[in-house]
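Throughout, read-outs are computed from the coordinates displayed, never taken from laboratory work. These numbers were taken from a predicted model, which means no experiment stands behind them. Here the Cβ positions follow ideal geometry from the backbone for every residue, glycine too, while neighbour counts run over all protein chains shown.
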């Protein structure tokens, strides 16, 4: 069983929701990336997303864009990320997911990328700019290597939701609001209507992300889903504090506060 499936099964048995945290791989360096993964897991993160930095991340707001730029400036490559994950995987069984843009996968080689995901211990991939019409070929390869292809849906997807979630695995990434990533003070989407449509279309676990910035927001949204995704609020903490030990403790405390309400 894929680590993601096993984790959601375990959480359901405990009547808990998943805390899914995001950081950008290689920001500020790979040693810190590994330490962040371990710290977040200790704090209660159930699944960890690693962003593969890209020069034009269309789904990401300023905080993650800057994080990607810092990582790329330090010479981050996909091969270096794969090697970092391989090292991380030797120390933990926490489910790991890549958030990666299609051009990076295509340029690297689709089968090469996905086969290496399997080799190093990546459990799923999210490709935010992969059109549903182009998904078929990648799906064959992810199925072959047993790597979950996690789709994104948005409040505007509506009549396309059923098609988007068909053949999905891992979980459904439910974008909370229209627009790009970034911490928000409130979510204005009609979650009852939106998540009701999604639930009618699939039994796969559903996680809500984009804009969730604190434990209170996570607590308010948890009734609609099986997991909460937080990225920008964590990435901002990585950027704000120069002392690594202090930063790791700050991130750990934040993740722990969110997991406590889930």
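Neighbour counts of other C-beta atoms within 10 Å: give me 77, 156 arranged from fewest to most.
156, 77
What's the exposure ranking of 1, 195, going from fewest to most Cβ atoms within 10 Å? Don't jump to the answer; show the numbers that get you there.
Numbers: 1 8, 195 20.
Final ranking by Cβ density, sparse to dense: 1, 195.
When only C-alpha pairs under 8 Å and at least 6 residues apart count, what is the relative contact order of the chain, in percent? Spell out each step's value before the answer.
On the way: 482 pairs, mean separation 62.4, N = 262.
RCO, the chain: 24 percent.
Based on DSSP H runs of at least 4 residues, each adding -39500 (n - 2.57), what is the mean residue ellipticity at 222 nm of the chain after dividing by all its residues, to the nearest 500 deg cm²/dmol?
Mean residue ellipticity at 222 nm (helix-derived): -14500 deg cm²/dmol.
Please report the Cα spread of region 62-210 along all three principal axes, rounded to whole Å, starting with the longest.
Between the extreme Cα coordinates on each principal axis of region 62-210 lie 42, 35, 30 Å.
To make sure I understand, if each residue's beta carbon is the centre and we count other beta carbons within 10 Å, what order do 146, 240 fall in, fewest to most? Before the final figure, lay out each step's value.
Details: 146 13, 240 9.
Fewest to most other Cβ atoms nearby, the residues stand as 240, 146.
Can you tell me what percent of all Cα-Cα pairs in region 1-103 are more than 15 Å apart?
On the way: 3286 of 5253 pairs.
Of all Cα-Cα pairs in region 1-103, 63 percent lie more than 15 Å apart.
Along the three principal axes, how long is the chain when you take its alpha carbons, biggest first, rounded to the nearest angstrom?
Cα extents, longest axis first: 45, 40, 34 Å.
Report the residue, chosen from 50, 152, 139, that carries the largest GNM mean-square fluctuation when the chain is represented by alpha-carbon nodes joined by springs under 10 Å.
Highest fluctuation among the options: 139.
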